[in-house]
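Worksheet for the structure shown next.
Where a number appears in this text, it was derived from the coordinates with a stated rule and is not lab data. Since the structure is predicted, the reported quantities are computational estimates derived from the model, not experimental observations. Note: ideal-geometry Cβ built from the backbone for every residue, glycine included; neighbour counts use all protein chains shown.
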Amino acid sequence: MTIHLNTQADLEDAVSTLVNLDLRLKPVLALTGMPVLRRREPGFAGLAAIVCGQQLSVASAAAIWGRVSTAFDPFHHDAVRRARADRLGRLGLSAAKIKTLKNLARELAAERLNLDVLAEEDADAAHHTLITLPGIGPWTADVYLLFCLGHGDAWPAGDLAVQEAVKIGLGLKTRPTPKQMTPLAEPWRPLRGAAAHLWWAYYRVLKKREGVIAQPATANAVSNKPAVANPTSAKAEIAAAKMPGSKK
């Protein structure tokens, strides 16, 4: 079952399910309030916008994407595929990003890549499909799955803000690495994308509150297991949950 976070109601249902299954998340939600759904344009345009913004400030990314999207209106992969590299460079794109966008355009034109299909795939499989493309790293892949496709189980294990929020929220001694973030998120499948929204909201609250001290780690937090009586039953309950936008 693939759950989609297409509306605010979808996200609220998912977060409510999560906090009932993992009691560690209840104080997090109490502090943040319900997170707000964030969505971007899907398809080639959405992925291209994320690529344009890699390793740039929000302002710089917006300025470059504004020039690129205006220069190719309507924005279509064939137009980018045929565009000269020097023209793309004058719009502010680096050589590496030009190479990435042109490769994406070629893959789409040849129908070797279908970005819409990723919304229905298992989150880990969709993530793997994206990161095998030149120039698409884990962060870009996860941002696309979460915000462009609304994939309910995408998990941004490499996002520093989510890592720091998880560290404080679960009372961990050190910030978890991307590799460590994967087992930490296992209790939240198939709603890891909703958990990511909650952890981002928690991080924003923490940044605004100086001197916040995390609660001591509980036995469950230390063992990385959910604070529920039966983790297997919890996963079964998630899988059986009928949520708007879910696909079986």
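The table for this structure:
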| quantity | calculated |
| --- | --- |
| Relative contact order of segment 1-73, pairs being alpha-carbon contacts under 8 Å that are 6 or more residues apart, as % | 20 percent |
| Proximal charge balance of Leu11 [Cβ under 11 Å; K/R count +1, D/E count -1] | -1 |
| Share of Cα-Cα pairs in segment 112-173 lying beyond 20 Å, as whole percent | 30 percent |
| Greater than 32 Å apart at Cα, pairs in Lys97/Lys208; Lys102/Lys167; Lys99/Lys208; Lys173/Lys208; Lys97/Lys179; Lys102/Lys208 | Lys97/Lys208; Lys102/Lys167; Lys99/Lys208; Lys102/Lys208 |
| Estimated translational D of segment 28-152 in µm²/s (Stokes, Kirkwood radius over Cα pairs; 20 °C; 1.002 mPa s) | 141 µm²/s |
| Where only C-alpha atoms are counted, convex hull volume of segment 96-205 per residue in Å³ | 102 Å³ |
| Contact order relative to length of segment 64-125, as percent, for alpha carbon pairs under 8 angstrom and 6 or more apart | 33 percent |
| Segment 1-94 - Kirkwood radius from inverse mean 1/r over Cα pairs (Å) | 16.2 Å |
| Point-to-point label distance, Val205-Arg39, nm (Cα→Cβ direction, 7 Å offset) | 2.5 nm |
| Approximate shape of segment 138-181 as ellipsoid semi-axes (Cα gyration tensor, √5λ), whole Å, largest first | 22, 10, 7 |
| Formal net charge of residues neighbouring Phe147 (Cβ-Cβ distance under 10 Å; K, R +1; D, E -1) | +1 |
| Within-15-Å neighbourhood charge of Pro178 [Cβ basis; K, R +1; D, E -1] | -1 |
| Net length gained if the chain between Gln55 and Arg112 were fully extended (0.36 nm per residue, minus Cα distance) | 17.8 nm |
| Percent of Cα-Cα distances greater than 21 Å, calculated over segment 49-120 | 25 percent |
| Spin-label zone in segment 164-194 - amide nitrogen under 16 Å from a point set 7 Å from the Cα of Leu31 along the C-beta vector | 164-176 |
| 4 °C / 1.567 mPa s Stokes-Einstein diffusion coefficient of segment 149-205, Kirkwood radius on C-alpha pairs, µm²/s | 117 µm²/s |
